[in-house]
Each structure stands twice: as C-alpha cells, then as structure tokens.
1. Of the numbered conditions (1) touching a strand residue (DSSP E or B) at 6+ places or on another chain (Cβ under 9 Å); (2) at negative phi, Lys202 satisfies every one except a single condition; which is it?
2. Give the residue, chosen from Val220, Val186, that is touching a residue at least 12 places away in the same chain (Cβ under 8 Å) and either over 19 Å from Phe118 (Cα atoms) or of a type in the set (A, V, I, L, M) (or both).
3. In segment 131-169, which residues are surrounded by fewer than 17 Cβ atoms within 10 Å (Cβ to Cβ), within 19 Å of Ala199 (Cα to Cα) and touching a helix residue (DSSP H, G or I) at 6+ places or on another chain (Cβ under 9 Å)?
4. State the number of residues belonging to segment 100-114 that are over 18 Å from Asp216 (Cα atoms), within 29 Å of the chain's Cα centre (by Cα) and loosely packed, with under 10 Cβ neighbours inside 10 Å.
5. Taking only segment 110-165 into account, find how many residues are over 19 Å from Leu190 (Cα atoms) and in a strand (DSSP E or B).
6. Counting only residues that are assigned to a loop (DSSP other than H, G, I, E, B) and over 26 Å from the mean Cα position of the chain (by Cα), which one in segment 174-210 is surrounded by the most Cβ atoms within 10 Å (Cβ to Cβ)?
Amino acid sequence: MFASVPRSSLGSLRLALASMHQIGGQSLTLQSLTAWTRPLSTSPALAKVTSKSPEVLTARRKFNKEEHGADDVTTEGVVSLDALAAEEAAPDGDGGALGFQAVPTPDVFDRLFDGVKFKDLPVVTGVLHKNNTRMWAHDATYENKLAYTSTNLCGYFHSQKRSAVASQAVGTNMGQQLRTQGVRTVRVRLDGFNMGRVACLKGLVNSGIKVVSISDVTRVDWGWRIRPKKRPRK
C-alpha cells in the first residue's frame with residue numbers, strides 16, 4: 001500500500017530525480033517520472049466504497065440477473081402481485097388452484113379437490129390444549145366420527161404430552177387411520193395454541209394426507225367473563 005504524499009513534496013521529488021542521469025541503467029523522462037510518482041499521489045485506502053458505488057451496483061445487478069432473472073436491483077425482495085394472482089388463477093387437473101389462497105371465494109364450496117367437492121370433504125379437528133393435543137376426524141356433516149387420537153394413545157404421558165414431538169405423532173397417527181379408510185384429502189380446523197400447533201399438521205401431511213384448507217376456530221372471549229386466577233400466597 002502506497003502512502004499519500006503532498007503535492008509540494010512531489011515537485012521537489014521530481015527535481016531531485018531529474019538531477020540524476022540514470023537510475024538502474026535507464027534514462028529518465030518526464031513521462032516515466034509522472035508514471036512512477038502517480039501512485040504516491042493517491043492511496044487505495046482513501047477510496048470510499050459504499051452500497052451506491054458503481055462497482056457495487058454492477059455486481060449486485062449481475063447477481064440478481066443470475067439468481068432471479070431481474071436486472072433492476074430495486075426489485076430485490078419485492079413481492080409481485082401480478083405473479084401471485086397468476087399463480088392462484090392457474091388451475092390444476094382437478095379444477096382446484098395452485099398455491100395458497102388466504103381468503104376463500106364464494107365458489108370454493110363447489111370446487112373439486114381430487115374429484116370431491118370442497119363441501120363434501122372430511123374434516124379433521126385439532127384441539128390444542130396447553131399440555132395436550134387431540135385430533136378428531138368427521139365426515140362433511142359432522143355426524144359420523146371417522147377417527148380419534150391423542151398423545152396418550154400414541155404413548156406419551158405426563159409432561160411429554162406438551163412437546164412438539166408428541167403432537168407430530170398425533171398427526172401421523174391420524175393420517176394413518178384416515179388412509180386405512182381410503183381418505184386422502186381433508187380440511188383442517190385448529191382450536192387452541194400450544195407448541196405442537198404446526199407439528200401436528202406436519203405429521204398429518206407426512207403420512208400422505210392432502211390438506212386443502214386450514215381454519216383457525218379458536219374461541220375468543222371478548223367479554224372477559226372469566227375472572228383471572230387468584231394470586232398464590234407466598
């Protein structure tokens with residue numbers, strides 16, 4: 001790394017070098033002196049590189065073009081609404097829609113999933129307590145129970161029932177029971193919160209069950225009719 005030299009020192013340095021006839025067996029010229037002293041005028045350490053520097057923008061634009069096919073660096077991390085709308089509107093073989101649809105439309109009840117209308121699909125209800133996870137499966141009319149499982153039936157007792165592993169085992173067991181009855185596509189309703197809220201869904205999906213709808217039916221008491229717990233004595 002070269003050090004920075006003031007301009008006044010550069011002039012005296014050129015005069016001192018010009019007084020010498022040869023350095024290293026070569027004659028000095030004004031062009032060679034200028035080229036030799038140019039690195040002393042500026043220091044690479046003084047060059048400030050920011051996120052708006054041309055070289056940084058060029059490298060980022062090249063990376064975005066290779067990874068995402070986008071030339072503009074300002075589009076990085078921006079969700080395209082047109083792309084999401086096109087993905088939701090793309091139909092699959094059964095007349096459903098690919099991707100995730102946050103808000104259902106009025107025609108969703110007559111939409112086909114694996115040859116069955118949405119309103120005729122079986123429903124899996126998961127009751128998630130603080131220390132336990134239970135799951136039921138009913139038909140579309142909620143009159144006939146197809147399957148039931150809990151953490152106790154899966155071999156988890158006491159404090160093990162609250163773990164995510166136990167909840168995933170419950171979901172896997174529920175999926176296996178449904179597959180033995182020929183059920184492959186279901187709707188899911190979740191009631192409550194615990195550590196296995198997502199794990200039970202993973203177990204259900206890993207067992208080969210296709211989940212087409214997830215509804216949160218957790219009861220919310222807006223009136224605060226239940227008094228708080230009494231403060232324990234110390």
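Read-outs: derived from the displayed coordinates by stated rules, not from any lab. Model, not experiment: these values are computed from the prediction. Reconstructed Cβ throughout: ideal geometry from the backbone, glycine too, with neighbour counts over all protein chains shown.
1. Failing condition for Lys202: (1).
2. Val186
3. Across segment 131-169, the qualifying residues are Asn131, Tyr148, Asn152, Leu153, Gly155, Gln160, Val165.
4. So the count comes out to 0.
5. Counting residues in segment 110-165 that are over 19 Å from Leu190 (Cα atoms) and in a strand (DSSP E or B) gives 4.
6. Val183
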